[in-house]
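The next block holds one structure in the form of structure tokens; read it before the comments.
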Amino acid sequence: MGIGKNIRAIAAYRGITSLELAEKSGVSRVSISKFLNEKMCPKTLTLKKIADALGVTVDFILTYEIKED
């Protein structure tokens, strides 16, 4: 899974919309949308802001895997 898909899955699990994620992280809504749709990859500092807004670590975002039953 890519970073954008991981961010999307974690945000959905936490019940956070893309708009809320943008507001909590201080990252523009347009940039969040580009990350979630994997049109752009966030820089390290931006990824840290997103991780903090989601209440997880950057490592968690990078290694997150959805387990299918």
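First compute the accessible area of the chain with a 1.4 Å probe, then give the percent of it belonging to carbon and sulfur atoms. Working shown, then result.
Values: 2440 of 4740 Å².
So the carbon and sulfur contribution to the accessible surface is 51 percent.
Run the dipole for the chain about the Cα centre, Lys and Arg Cβ at +1, Asp and Glu Cβ at -1, nothing else charged, and hand back the magnitude in debye, nearest 20. Numbers along the way, then the final one.
Values: 11 positive and 8 negative charges, 65 e Å.
So the dipole magnitude of the chain works out to roughly 300 debye.
Quick one: net charge of Arg29's neighbours, Cβ under 11 Å, K/R +1, D/E -1? Mind showing how you got there, number by number?
Details: positive: Lys34; negative: Glu20, Glu23.
Residues close to Arg29 contribute a combined charge of -1.
When the helices in the chain are scored as -39500 (n - 2.57) per DSSP H run of 4 or longer and the sum is shared across all residues, what 222 nm value do you end up with, to the nearest 500 deg cm²/dmol? List each step's numbers first, then the result.
Values: 5 runs with 45 residues, N = 69.
Computed ellipticity for the chain at 222 nm equals -18500 deg cm²/dmol.
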Accessible area in square angstrom per residue, the chain, 1.4 angstrom probe: 69 Å²
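In µm²/s, what is D for the chain at 25 °C and 0.890 mPa s, where D = kT/(6 pi eta Rh) by Stokes-Einstein and Rh is the Kirkwood radius from Cα pairs? The partial results should precede the final answer.
Values: Rh = 11.7 Å.
My calculation gives 211 µm²/s for D.
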Excluding exposed DSSP-loop GluC sites (Glu not before Pro) (at most 11 other C-beta within 10 Å), longest clean stretch of the chain: 1-64
Relative contact order (%) - criterion: Cα under 8 Å, at least six apart; region: the chain: 38 percent
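The values are calculated or read from the model by the stated rules, or taken from the named source; none is laboratory data. Note that the structure is predicted; figures quoted are calculated from it, not measured. Don't worry about glycine lacking a Cβ; one is built from the backbone with ideal geometry, like all the others, and counts go over all protein chains shown. For the accessible areas, the whole protein counts, side chains as well, though only heavy atoms, and no ligand, DNA or RNA atoms are used. Shrake-Rupley method; radii C 1.70, N 1.55, O 1.52, S 1.80 Å.
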